[in-house]
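Accompanying notes for the structure given below.
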Amino acid sequence: MTRKDYIRIADAMLSARNEARGANSRVVLDIAVDNLAWTLEQDNPRFDRARFLTACGVEHTYTGVQS
């Protein structure tokens, strides 16, 4: 994937998060973004996880179990 792909994904996730109704919906999206970031990080060692999470509007990471 290219940087352009990561930007498009982050834009889509930020849009979904902004349109989510209620705090619970945002938490679920935040967890999905965090898991997606973990997956992208495994695929690309140069992937900037913190930058991606910020671009998605996620303020912190979750410590769920990754599969």
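The values are calculated or read from the model by the stated rules, or taken from the named source; none is laboratory data. The shown structure was predicted, so the numbers you read here are calculated from the model rather than taken from an experiment. Here the Cβ positions follow ideal geometry from the backbone for every residue, glycine too, while neighbour counts run over all protein chains shown.
Odds and ends about this structure:
- Within segment 20-61, if we keep just the residues that are within 11 Å of the chain's Cα centre (by Cα), over 12 Å from Ile9 (Cβ atoms) and of a type in the set (Ser, Thr, Tyr), the residue that is modelled with the lowest pLDDT turns out to be Thr61.
- Taking segment 17-59 as the range and being in a loop (DSSP other than H, G, I, E, B) and within 22 Å of Arg3 (Cβ to Cβ) as the test, the residues that pass are Asn44, Pro45, Arg46, Phe47, Asp48, Cys56, Gly57, Val58.
- Output for segment 1-48, where each listed residue is of a type in the set (Asp, Glu), loosely packed, with under 12 Cβ neighbours inside 10 Å and in contact (Cβ under 8 Å) with a residue 24 or more places away in the chain: Asp43
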